[in-house]
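> There's a structure below that I have some questions on.
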């Protein structure tokens with residue numbers, strides 16, 4: 001059974017850069033790239049045929065409906081894919097990959113489209129909470145006669161844990177804005193207020209690496225106006241990304257919800273002290289009794305000040321919490337190979 005990966009249909013940015021690389025300026029694209037690595041030779045589905053650097057882009061008209069599983073990261077579009085591939089009487093093999101929380105959407109038409117997609121096509125979810133939301137949408141918006149027949153599975157995404165990150169603590173501590181977007185659920189204004197208050201008491205630099213479309217948003221420009229902030233585009237190369245993480249002291253999370261949280265896990269794997277809000281999604285990433293969790297802005301400010309003034313004691317506290325280097329705990333609990341095994345096994349169970 002062949003695999004084809006579809007993403008980016010609902011976003012204006014092209015899926016391939018002019019240089020022929022995959023445009024990985026979104027979490028969706030990063031996951032598509034992971035799927036291509038899991039299934040070597042699998043094509044992407046786009047609007048036109050082209051050859052990229054190490055991959056091919058085909059159109060839906062090029063897909064063999066009988067022998068290809070379309071892994072669709074644009075779940076709102078799954079019924080449309082079915083209509084295209086079913087025109088000649090074939091029964092298309094479509095799998096929803098729900099990589100982001102359904103609650104990210106807010107229009108009834110979107111929920112109705114997702115309800116149909118979940119009812120008619122198997123759905124693999126990036127995490128248990130996302131799977132729970134899929135069940136909720138399915139039960140409310142899916143056609144009742146198909147709800148009980150729906151197939152839903154999930155696994156935490158994990159990260160690549162074989163990479164060794166060299167720590168290079170800087171004379172001036174670095175605080176990371178741990179996202180590539182300034183969308184509302186990330187609460188960038190709250191982040192700005194907390195770091196601004198903390199910076200009045202201690203010296204540090206804030207770094208934000210954003211997708212191109214978010215560099216010109218009001219929150220990004222507000223953050224960029226200070227001499228102690230560095231707001232710029234995503235690093236083109238992953239080794240530059242990891243090198244920057246090795247220099248980062250702490251990150252401050254302010255997000256209302258996360259399907260998983262790749263950026264946080266990669267930072268913690270690099271020895272960055274993570275400061276989190278007291279929200280349900282956080283406890284899927286960190287151990288019970290994780291000490292750097294805040295409930296108020298004042299608590300967040302105090303934790304941030306401690307992290308940038310004494311990161312060594314923060315890391316020692318985390319090591320003591322898990323009884324070994326905290327980075328080892330992260331490796332053990334967030335290994336992407338676990339996700340890949342579950343994903344591949346599920347695809348085989350559903351379609352072979």
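The values are calculated or read from the model by the stated rules, or taken from the named source; none is laboratory data. These numbers come from a predicted model, not from an experiment. When we count neighbours, we look across all protein chains shown, and the Cβ atoms used for this are built from the backbone with ideal geometry, even at glycine.
> Counting only residues that are farther than 25 Å from residue 252 by Cβ and modelled with pLDDT of 95 or more, give me the helices (runs of 4 or more DSSP H) lying completely in segment 83-200 with at least 1 of them.
Values: elements: 108-120, 128-141, 144-147, 188-199.
Once the helices (runs of 4 or more DSSP H) in segment 83-200 are filtered for at least 1 residues that are farther than 25 Å from residue 252 by Cβ and modelled with pLDDT of 95 or more, what remains is 108-120, 128-141.
> Within segment 45-57, identify whether any single residue is assigned to a strand (DSSP E or B) and crowded, with 17+ Cβ neighbours inside 10 Å, and answer yes or no.
yes
> Condition first: farther than 19 Å from residue 80 by Cα, modelled with pLDDT of 80 or more and in contact with a helix residue (DSSP H, G or I) (Cβ under 6 Å, 6 or more places away or on another chain). Now tell me which residues in segment 1-41 satisfy that.
Result: 1, 38.
> Also, I was wondering about something else. Among the listed residues 280, 258, 266, which satisfies the condition of being within 23 Å of residue 332 (Cα to Cα), touching a helix residue (DSSP H, G or I) at 6+ places or on another chain (Cβ under 9 Å), modelled with pLDDT under 95 and exposed (fewer than 15 other Cβ atoms within 10 Å of the Cβ)? I'd like the intermediate steps shown before the answer.
Working: 258 fails: exposed (fewer than 15 other Cβ atoms within 10 Å of the Cβ); 266 fails: exposed (fewer than 15 other Cβ atoms within 10 Å of the Cβ).
Answer to the check: 280.
> I've got another one for you. List every residue pair whose Cβ atoms lie under 8 Å apart, where the two residues are 6 or more positions apart in sequence or sit on different chains, the first residue falls within segment 316-327 and is without any contact (Cβ under 8 Å) to a residue 12 or more places away in the chain, and the second residue, located anywhere, is buried (at least 18 other Cβ atoms within 10 Å of the Cβ).
Short answer, once both residue conditions are applied: 319/326.
> Here is a follow-up. Can you tell which of 128, 136 is surrounded by fewer than 23 Cβ atoms within 10 Å (Cβ to Cβ), farther than 24 Å from residue 60 by Cβ and free of Cβ contacts under 8 Å to residues at least 60 places away in the same chain? Explain how you work it out, then say what you get.
Numbers: 128 fails: free of Cβ contacts under 8 Å to residues at least 60 places away in the same chain.
That would be 136, the only listed residue that is surrounded by fewer than 23 Cβ atoms within 10 Å (Cβ to Cβ), farther than 24 Å from residue 60 by Cβ and free of Cβ contacts under 8 Å to residues at least 60 places away in the same chain.
> I'm trying to understand the selection: among the residues of segment 201-236, which are in a loop (DSSP other than H, G, I, E, B), within 23 Å of the chain's Cα centre (by Cα) and surrounded by 19 or more Cβ atoms within 10 Å (Cβ to Cβ)? Talk me through it step by step, then tell me what you get.
Quick first cut of segment 201-236, residues in a loop (DSSP other than H, G, I, E, B) only: 201-204, 211, 215-217, 225-228, 234-236.
Then drop every residue that is not within 23 Å of the chain's Cα centre (by Cα), which leaves 211, 215-217, 234-236.
The one that is in a loop (DSSP other than H, G, I, E, B), within 23 Å of the chain's Cα centre (by Cα) and surrounded by 19 or more Cβ atoms within 10 Å (Cβ to Cβ): 211.
> Residues of segment 334-347 being part of a helix (DSSP H, G or I) and in contact (Cβ under 8 Å) with a residue 12 or more places away in the chain, which ones?
Quick first cut of segment 334-347, residues part of a helix (DSSP H, G or I) only: 336-347.
Once the filter is applied, which keeps residues that are part of a helix (DSSP H, G or I) and in contact (Cβ under 8 Å) with a residue 12 or more places away in the chain, segment 334-347 yields 336, 337, 338, 339, 340, 342, 343, 344, 346, 347.
> I want to confirm something. Restricting to segment 201-220 and keeping residues that are farther than 18 Å from residue 253 by Cα and touching a strand residue (DSSP E or B) at 6+ places or on another chain (Cβ under 8 Å), which single residue is modelled with the highest pLDDT?
Ranking the qualifying residues of segment 201-220, first place goes to 215.
> While we're here: Scanning segment 291-307 for residues that are in contact with a helix residue (DSSP H, G or I) (Cβ under 7 Å, 6 or more places away or on another chain) and assigned to a loop (DSSP other than H, G, I, E, B), which turns out surrounded by the fewest Cβ atoms within 10 Å (Cβ to Cβ)?
Among those residues, the one meeting the criterion is 291.
> Kindly indicate which of 113, 117 is under 25 Å from residue 149 (Cα atoms) and surrounded by fewer than 22 Cβ atoms within 10 Å (Cβ to Cβ).
Only one candidate qualifies: 113.
> List the number of the failed condition for residue 143; all other conditions in (1) touching a strand residue (DSSP E or B) at 6+ places or on another chain (Cβ under 8 Å); (2) surrounded by fewer than 18 Cβ atoms within 10 Å (Cβ to Cβ) hold.
For residue 143, the failing item is (1).
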